[in-house]
Every structure is written in structure tokens, then in C-alpha cells.
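Have a look at the structure below before the remarks.
The values are calculated or read from the model by the stated rules, or taken from the named source; none is laboratory data. Not measured: the values here are computed from a predicted model. Here Cβ is always computed from backbone atoms with ideal geometry, including for glycine, and neighbour counts include all displayed protein chains. Just so you know, the surface numbers come from the protein's heavy atoms only, side chains and all, with ligands and any DNA or RNA stripped out. Shrake-Rupley method; radii C 1.70, N 1.55, O 1.52, S 1.80 Å.
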Amino acid sequence: QLQLVESGGTLVQAGGSLRLSCAASGRSFGSYTVGWFRQAPGNDREFVAAAGWGGGLTYYAGSVKGRFTISADNAKNTVYLQMNDLKPEDTAVYYCAACLRYASSWPPAGHEFDDWGQGTQVTVSS
């Protein structure tokens, strides 16, 4: 098992920046893939970004590519999501999740992520 705790969500103005953190415990980071997902009210859960190989391999959803950056600090067992040029449509609860298995694709499908954090609210005002 892996425990994940997200933090950093807050209210920000459109065009602003925010960095989310996902702290992992119970297993050394680097041996699994971490994904960021978000869910806005009334919407399905949406993939945002993923990082594997200790952050050496990354992938982004088209809606955030060029604005968001996922990175990892292996020494701290923490994965970050740097969000720039935030838009109101980025408003959502953001979750980090870990895929501990050999996934069938890159990035892993949502259902292949095993452990999930509690989420952190990001609200972008216009």
C-alpha cells in the first residue's frame, strides 16, 4: 500500500500559478507511476498528468499541456504539479494516485491506479 497526501490547493486568480504537492509514504517513490487527476462538480474524473521513472517520464492531458508541469523530488518522496496560467476551467478537486503495477499503457489507465489521496481543492476565479 501507499499513502498519498495532496496539499497546496487554494483560491487563485485566473492567470495565476499554483503548485500542488503529493507526498507519498509507505513505499519509496520511483518504483511506481504517479498520476494527477481532477474532478469538477458534475464532471467525470479527468486525467491531468502522470510521471514515472522517478519523474523522468511524463505525460500531460491536452487541456493542460504547456501550462502544467509534473515533477518529482525522489529524496522527499514528493510529486509536484506546477500549474501556470490557471483558468477558471481548471477549478476542481485535484487528486494524486499511484499505479503500482505494470500498466497496459503509458500513461496507465485510470483504473490501474491503486492508491489515491484525499484530494485538494483548486479554485480559479475569473
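The GNM of the chain, with springs linking C-alpha atoms under 10 angstrom apart, assigns the highest mean-square fluctuation among Ala61, Ala51, Ala92 to Ala61. This model, with +1 at the C-beta of Lys and Arg and -1 at the C-beta of Asp and Glu, gives the chain a dipole about its Cα centre of some 200 debye. Assuming a ≥ b ≥ c are the square roots of the Cα gyration tensor eigenvalues, decide whether the chain counts as rounded (a/c under 1.5), prolate (otherwise, with a/b larger than b/c) or oblate. Judged from the Cα gyration tensor, the chain comes out prolate (a/c at least 1.5, a/b above b/c).
Checking Cβ-Cβ separations below 4.7 Å across the chain identifies Cys99 as cysteines lacking any candidate disulfide partner.
The slack in the chain from Leu57 to Ser126, taken as 0.36 nm per residue of separation less the alpha-carbon distance, amounts to 21.6 nm. Computed on the chain, with alpha-carbon pairs under 8 angstrom and 6+ residues apart, the relative contact order is 35 percent. The charge dipole of region 84-126, taken about its Cα centre with unit charges on the Cβ atoms of Lys, Arg (+1), Asp and Glu (-1) only, comes to about 20 debye.
Given a 10 angstrom Cα cut-off, can you work out which residue in Gly35, Gly62, Gly110 is the most mobile in a GNM of the chain? Top of the fluctuation ranking is Gly62. Run the accessible area of region 24-126 with a 1.4 Å probe and give the carbon-and-sulfur part as a rounded percent. Carbon and sulfur: 48 percent of the exposed surface of region 24-126.
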